[in-house]
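A quick write-up on the structure given underneath.
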Amino acid sequence: MIVVPPDDPPLSRFNVRTIGPEPSGATPIEEEDLEGLIPDFVATRADLNQVEFENITKALPWAQRQARSLGAEGILDYGFMLTLHRRMFGDVWTWAGTQRWRVTNIGVEPYLIVTQSRLTLDDAKFWHTQGVFDPDDLAARIHCRLVSVYPFRNGNGRCTRMMADLYLASIGAEPFTWGGANLDVDGSGRATYIAALIKAADTDEYVDLIRFARGLRA
């Protein structure tokens, strides 16, 4: 527990050890991030997971409407991704919908985030219009490449998986099930997902990631 001298104002109501450890492979939530925590009752990782889940559930109907109304090219847009992140996490974090400005254990340097995100989405638009990849392959590439950029302080996996799902919904395809697993906590589902994601990023081979996302056994 971090002890703050009485004459110094506390930086946050919580610290990383109070909230609890991140699941394997996740970027730690830093003290400066916790300054932006909105709900005043959140004291544990379970509390945080719950309020984020509720916020994402609230955002889902809006996101589905956007997929139908904007179409693929509207979904594959940097501004839309920022808005989506804000909708997914805006009840929980004041910094939702803004790019990260610090170096993290994964992802590109902060000054490259906008360029690399736009490049990924522009590539996806080209692949879509030219029919370069089938829908599942393209959706997996959207997720993998965006999460490799790591645009946000937190929530990158969830937001970029949603981007992949909304692309599929925008073309009338079934969204991924992501193995039917809770990927926010450690377990066999998350381990399989992380392994498939790393393989896709390292080899440009997406079969395992697509099979997991479709809930198919290896």
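The values are calculated or read from the model by the stated rules, or taken from the named source; none is laboratory data. Note that the structure is predicted; figures quoted are calculated from it, not measured. All Cβ positions, glycine included, derive from the backbone under ideal geometry; neighbour counts span all protein chains shown.
Of the residues in the stretch 83-96, how many are without any contact (Cβ under 8 Å) to a residue 40 or more places away in the chain and not hydroxyl-bearing (S, T, Y)? Qualifying residue count for the region: 3. D165 - would you say it is crowded, with 20+ Cβ neighbours inside 10 Å and either without any contact (Cβ under 8 Å) to a residue 40 or more places away in the chain or touching a helix residue (DSSP H, G or I) at 6+ places or on another chain (Cβ under 8 Å) (or both)? Here the answer is yes, as D165 does meet what is asked. In the stretch 129-139 there is at least one residue that is out of contact with any helix residue (DSSP H, G or I) (no Cβ under 6 Å at 6 or more places or on another chain), hydroxyl-bearing (S, T, Y) and closer than 20 Å to A72 by Cα. Within the stretch 111-128, the set of residues being out of contact with any Asp or Glu (no Cβ under 8 Å at 6 or more places or on another chain) and of a type outside the set (F, W, Y) comprises L112, I113, V114, T115, Q116, S117, R118, L119, T120, D122, D123, A124. Can you go through R86, R145 and tell me which one is closer than 26 Å to I171 by Cβ, touching a helix residue (DSSP H, G or I) at 6+ places or on another chain (Cβ under 7 Å) and surrounded by 13 or more Cβ atoms within 10 Å (Cβ to Cβ)? Going through R86, R145 in turn, the sole match is R145. Screening I38, I56 for residues that are in contact with a strand residue (DSSP E or B) (Cβ under 7 Å, 6 or more places away or on another chain) and either surrounded by fewer than 17 Cβ atoms within 10 Å (Cβ to Cβ) or under 23 Å from A173 (Cα atoms) (or both) leaves exactly one candidate, I38. Can you tell me which residue is surrounded by the fewest Cβ atoms within 10 Å (Cβ to Cβ) among those in the stretch 59-72 that are closer than 19 Å to F176 by Cα and aliphatic (A, V, I, L, M)? Taking the candidates together, the pick is L60. Residues that are at positive phi, under 17 Å from the mean Cα position of the chain (by Cα), loosely packed, with under 14 Cβ neighbours inside 10 Å and not charged (D, E, K, R) occur at least once in the stretch 174-181. Filtering the stretch 105-128 down to residues that are surrounded by fewer than 17 Cβ atoms within 10 Å (Cβ to Cβ) and closer than 30 Å to D47 by Cβ, which residue is nearest to the chain's Cα centre (by Cα)? Checking each candidate, the answer is I106.
The residue that is surrounded by the most Cβ atoms within 10 Å (Cβ to Cβ), counting only those in the stretch 182-218 that are among the basic types (K, R) and in contact (Cβ under 8 Å) with a residue 40 or more places away in the chain, is R190. No other residue among S69, S24 is at pLDDT below 95 and out of contact with any strand residue (DSSP E or B) (no Cβ under 6 Å at 6 or more places or on another chain) apart from S24.
Within the stretch 135-147, residues that are farther than 9 Å from Y206 by Cα sit with their Cβ atoms under 7 Å from residues that are among the hydrophobic types (A, V, I, L, M, F, W, C) and not in a helix (DSSP H, G or I), at 6+ positions apart or across chains, in these pairs: P135/I171; P135/A173; A139/F176.
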